[in-house]
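Novice: Got a structure for you, written out below as structure tokens; questions coming shortly.
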Amino acid sequence: MTVLGQNQYGKSEVRVLKVTRDGATHHVKDLNVSVALSGDMDEVHLSGSNAHVLPTDTTKNTVFAFAKEHGIASAESFGILLARHFVTGQEAVTSARIRIEEYAWQRIDTPGEDRHSFARENQETRTAQVTFDGSGWSVLSGLKDLVLMNTTDSEFHGYVKDRYTTLPETRDRILATEVNARWRHAWCDEAEPAPDWDDSYRRTRAHLLAAFAGTYSFSLQQTLYAMGAAVIDSGPGIDEIRLSLPNKHHFLVDLDPFGLKNDTPDGAVYFAADRPYGLIEATVLRDGAEPAIPVDLTNLP
Ligand SMILES: O=c1[nH]c(=O)c2[nH]c(=O)[nH]c2[nH]1
């Protein structure tokens, strides 16, 4: 005997580029949207009846149509529009999860009137996941691939040493990471005004950067907590943030064989190791908040 457990379906990675023309000045929104619907879907699995199945092809078309009809004000608001459409429009669909990655494009300044050239920003990817169960909303925003580095104000010493420990203690090292962060908005009730998602994103990003730059660090763990706390303490809008921070190790190169002294006051030469890397991960919560962001961020957009 078997029973059907949790199931969901939809179109993943719908790549939609929305160009908005304002005369010769164009604006672009570039998203990667994944739709997952669930609800009364037993029959399609058990008997092959498709009577409740809105085709994944249709969900893909909806993403494109909504981009045209409603525009893309922000990743979160676009996700909200889509999730509401699927849950309220299909009787069999009781919940919808919309995952979005947004890629940033930087305008290339040109001498003439035309403003339609862009360079893909070599910076972070913004992410959003919106979940709606017909009554309550859950909005996770985030970013990944944001590479940060402090070239001083980082120490690491006083740690446990056993027979396999070879790491030298350091009072001055490079601290570099690639931020992978997801934060959960307190907003969950449509009766309340929704946050300004773009403004919230900009402010959260700025708090993360300021805390990374402003924390004199004795470990990446300490820096992580300072970054998370800066976001939670900045206002009431965000109750939980999870950070996954690889420690992008930079080791001083031994230049002695060449008669060169490395690590001099005017600078040093480092070997930027790509692997293995330390991986420091933690959730920072508003006191009293329940954790709801998955521990493993790799399964999220
Ligand atoms: O900031 C750090 N935290 C660690 O836990 C750790 N472990 C290690 O080898 N280097 C570092 N650096």
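Novice: Which order do peptides 269-279, 125-135, 210-220, 141-151 fall in by mean Cβ count within 10 Å, highest first?
Specialist: 125-135, 141-151, 210-220, 269-279
Novice: Do you know the relative contact order of the range 14-103, to the nearest whole percent, from alpha carbon pairs under 8 angstrom that are 6+ apart?
Specialist: 39
Novice: Find how many whole Å separate the alpha carbon centroid of the range 155-221 from the alpha carbon centroid of the range 100-151.
Specialist: 19
Novice: Given the rule -39500 (n - 2.57) for each run of at least 4 DSSP H residues, summed and divided by the residues of the chain, what is its mean residue ellipticity at 222 nm, to the nearest 500 deg cm²/dmol?
Specialist: It comes out at -7000 deg cm²/dmol, rounded to the nearest 500.
Novice: Additional query: Take the Cα of Leu46, step 7 Å along the line toward its Cβ, and report every residue of the range 1-19 whose backbone nitrogen sits under 19 Å from that point.
Specialist: 1-9
Novice: I'd like to check one number: the per residue accessible area of the range 14-103, probe 1.4 Å, reported in Å² as a whole number.
Specialist: Ligands and nucleic acids excluded, the figure is 46 Å² per residue.
Novice: Considering only Ile280, Ile232, Ile108, give the residue with the highest GNM mean-square fluctuation for the chain, with springs between Cα atoms whenever their separation is below 10 Å.
Specialist: Comparing Ile280, Ile232, Ile108 in a Gaussian network model of the chain, the most mobile one is Ile108.
Novice: Express the relative contact order of the range 1-66 as a whole percentage, based on alpha carbon pairs under 8 Å and six or more residues apart in sequence.
Specialist: Contact order relative to length: 35 percent.
Novice: Also, I was wondering about something else. Can you give me the % of accessible surface on the chain that is carbon or sulfur? Probe 1.4 Å, all protein chains present, nothing else counted.
Specialist: Taking all protein chains in place, the chain shows 51 percent carbon and sulfur surface.
Novice: Sticking with this structure for a sec: Short version: ³J(HN,Hα) in whole Hz for each residue of the range 177-190, in order, from phi by Karplus 6.51 cos²θ - 1.76 cosθ + 1.60 (θ = phi - 60°), x for Gly and Pro, what are they?
Specialist: 8, 10, 6, 10, 9, 9, 10, 10, 7, 5, 4, 8, 10, 5
Novice: Quick one: compute the contact order of the range 1-155, relative version, from alpha carbon pairs under 8 angstrom and 6+ residues apart, as a percent.
Specialist: Relative CO of the range 1-155 lands at 21 percent.
Novice: Using the Kirkwood formula over every pair of different C-alpha atoms, what hydrodynamic radius in Å results for the range 14-103?
Specialist: After inverting the mean inverse Cα-Cα distance, the result is 14.1 Å.
Novice: Long-range amide H contacts for Val179: which residues qualify at under 5 Å (H placed 1.01 Å from N, peptide plane, sequence gap of 5 or more or a different chain)?
Specialist: Asp145, Leu146, Val147, Leu148
Novice: Name the aspartates and glutamates eligible as straight-distance cross-link partners of Lys68: C-alpha to C-alpha under 16 Å, and not fewer than 8 places from it in the same chain.
Specialist: Asp22, Asp30
Novice: Expressed in nm to one decimal, what extension gain is obtained for the pair Leu260 and Asp199 from 0.36 nm per residue of sequence separation less their Cα-Cα distance?
Specialist: 17.0 nm
Novice: Now for a separate question. Say we join alpha carbon atoms closer than 10 Å with springs in a Gaussian network model of the chain; which of Lys261, Lys29, Lys11 then has the biggest fluctuation?
Specialist: The residue that fluctuates most here is Lys261.
Novice: Within the chain, which is the longest segment that contains none of the GluC sites (Glu not before Pro) sitting in a DSSP loop with at most 15 other Cβ atoms within 10 Å?
Specialist: The reported range is 191-301.
Novice: Considering the convex hull of the alpha carbon atoms of the chain, report its projected area averaged over all viewing directions, in nm², one decimal.
Specialist: Averaged projected hull area, Cα only: 24.0 nm².
Novice: Related question: Under a 5 Å amide H to amide H cut-off, with H placed in plane at 1.01 Å, what residues pair with Thr94 once short-range neighbours are removed?
Specialist: Those qualifying (amide H under 5 Å, at least 5 residues apart or on another chain) are Ser38, Gly39, Asp40.
Novice: Then there's this: Residues with amide H under 5 Å of Ile280's amide H, sequence separation 5 or more or different chain, H placed in the peptide plane at 1.01 Å from N; which?
Specialist: Hits under the 5 Å cutoff: Leu245, Asn247.
Novice: In nm, what is the difference between 0.36 nm times the number of residues separating Asp153 and Leu209 and their Cα-Cα distance?
Specialist: Contour length minus Cα-Cα distance gives 18.7 nm.
Novice: Counting only other residues whose beta carbon sits under 13 Å from that of Lys60, what net charge do I get with K and R as +1, D and E as -1?
Specialist: Here the charged neighbours net out to 0.
Novice: Here is a further query. Can you work out ³J(HN,Hα) from phi for every residue in the range 110-125, in order, using Karplus 6.51 cos²θ - 1.76 cosθ + 1.60 and θ = phi - 60°, giving whole Hz and x for Gly and Pro?
Specialist: 10, x, x, 6, 5, 9, 9, 10, 9, 10, 5, 5, 8, 10, 6, 9
Novice: Say we join alpha carbon atoms closer than 10 Å with springs in a Gaussian network model of the chain; which of Leu285, Leu243, Leu252 then has the biggest fluctuation?
Specialist: Leu252
Novice: Cross-link candidates for Lys161: which lysines have Cα within less than 25 Å, leaving aside residues fewer than 8 places away along the same chain?
Specialist: Lys248
The values are calculated or read from the model by the stated rules, or taken from the named source; none is laboratory data. Note that this is a predicted model, so its numbers are computed, not measured. A quick note on method: Cβ atoms are made from the backbone with ideal geometry, for glycine too, and the neighbour counts reach across all protein chains shown. The area values use the complete protein model at the heavy-atom level, side chains included, leaving out ligands, DNA and RNA. Shrake-Rupley method; radii C 1.70, N 1.55, O 1.52, S 1.80 Å.
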